[in-house]
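The values are calculated or read from the model by the stated rules, or taken from the named source; none is laboratory data. Since the model is a prediction, treat every value here as computed from it, not as a measurement. No Cβ is skipped: glycine too gets one built from the backbone with ideal geometry, and neighbour counts run over all protein chains shown. Calculation scope for accessible area: heavy atoms of the full protein, side chains included, ligands and nucleic acids excluded. Shrake-Rupley method; radii C 1.70, N 1.55, O 1.52, S 1.80 Å.
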Amino acid sequence: MAQASVTPTPLLKDELDIVIPTIRNLDFLEMWRPFFQQYHLIIVQDGDPSKTIKVPDGFDYELYNRNDINRILGPKASCISFKDSACRCFGYMISKKKYIFTIDDDCFVAKDPSGKEINALEQHIKNLLCPSTPFFFNTLYDPYRDGADFVRGYPFSLREGAPTAVSHGLWLNIPDYDAPTQLVKPLERNTRFVDAVMTIPKGTLFPMCGMNLAFNRELIGPAMYFGLMGDGQPIGRYDDMWAGWCMKVICDHLGLGVKTGLPYIWHSKASNPFVNLKKEYKGIYWQEELIPFFQSATLPKDCTSVQKCYIELSKQVKAKLGKVDEYFLKLADAMVTWIEAWDELNPSAAEQPNGAGK
């Protein structure tokens, strides 16, 4: 008689929340059911709070809309964006788990070149649970992967690696382009599956996309603020970029690693490039000053926790980027409000040092 198959307990089942920002019914979860059903979901509903969003049966979830955010955070709710996917970071704040995976509702299960469905969450967890190599680049990419190792000439003193704070996944089909690139390449699709994970080197910034992303909330959570975007703000679609730049400066300071590459998801639909251009155009202009700011930002030695680093960064934003536009004065204040709200909801973690040292 054939033995009944036993469903294995998924990795980190009780230590990870899946955060999804949305304005629509979550039918896309049906495709993810085999991979997500045993995890807890935090759904952050954007837009009209009187609208009822349907979630497929059988998922363990909590749903927060704007009324809930206002009720829980009070006046500090001003730091959570409205009518923008940046509202997802409320889910990071409200979570009580060690790890977060966040995904957009237009992201479907991708297939690898052999046709096998990719369990994106499992790959993110593997990335987060093994070290990074931010201080010296390994030419075989991730040396901790099966079938790989450190190459000749790699210093033995650095082979222990650094704790991994963030795992940044990629996308097949619709690439994550800005509006001008969308407009000149409307038919371009990403069909290239690169079977690799690499650590982004210390001192190197990157454009972080929030639609397929996982992180260690205990190591870097307070830095994953997706900024003030959307309704009432002069900019949108730079929420994940802002979080990525702030996070990377802080990871570099605290000796933490960031990985990018696998896993892939299938990004199903391109957003309207004309709408995107309206949201992005100030960001496209401002980023030419933002990038040099983050490239030259340094944090003092007494910044030993993510919160302290983030407050220091907010002061530098106010002092240096406030001259670019008064929006950055508002954003710097929101960064402080975000940390205050985070510490109120997460009091036990408020003053713990993070990272592995410089």
Residues that are open to solvent by 10 Å² or more (accessible area, probe 1.4 Å) and under 30 Å from Arg159 (Cα atoms): find the helices (runs of 4 or more DSSP H) completely inside the range 169-281 holding 2 or more of those.
217-220, 239-254
Looking across the range 292-307 at residues that are more than 15 Å from Asp252 (Cβ to Cβ) and part of a helix (DSSP H, G or I), the single one that is most open to solvent (accessible area, probe 1.4 Å) is Pro292
Do any residues in the range 23-34 that are more than 15 Å from Arg88 (Cβ to Cβ) have Cβ atoms under 6 Å from those of residues that are open to solvent by 80 Å² or more (accessible area, probe 1.4 Å), where the two are at least six apart or on different chains, and which pairs are they?
Asn25/Lys54
Considering only residues of the range 96-127 that are part of a loop (DSSP other than H, G, I, E, B) and of a type in the set (S, T, N, Q), which is least open to solvent (accessible area, probe 1.4 Å)?
Asn119
For a quick check of your reading of the model, give me the residue pairs whose first member lies in the range 124-142 and is of a type in the set (Ser, Thr, Tyr), whose second is at pLDDT 95 or above and open to solvent by 90 Å² or more (accessible area, probe 1.4 Å), with beta-carbon atoms closer than 8 Å and at least 6 apart or on different chains.
none
Matching residues, the range 35-64, being under 17 Å from Met229 (Cα atoms) and crowded, with 16+ Cβ neighbours inside 10 Å
Val44, Gln45, Asp46, Gly47
Given the structure, is Lys76 loosely packed, with under 11 Cβ neighbours inside 10 Å and modelled with pLDDT of 95 or more?
no
Could you run through the range 321-351 and say how many residues are closer than 22 Å to Tyr281 by Cα, in a helix (DSSP H, G or I) and either touching an Asp or Glu at 6+ places or on another chain (Cβ under 9 Å) or aromatic (Phe, Trp, Tyr) (or both)?
3
Filter the range 156-168 down to the residues that are open to solvent by 40 Å² or more (accessible area, probe 1.4 Å) and either farther than 30 Å from Thr102 by Cα or part of a strand (DSSP E or B) (or both) and list them by number.
Phe156, Ser157, Leu158
Could you tell me whether the range 37-53 includes any residue that is within 23 Å of the chain's Cα centre (by Cα) and of a type in the set (Lys, Arg)?
no
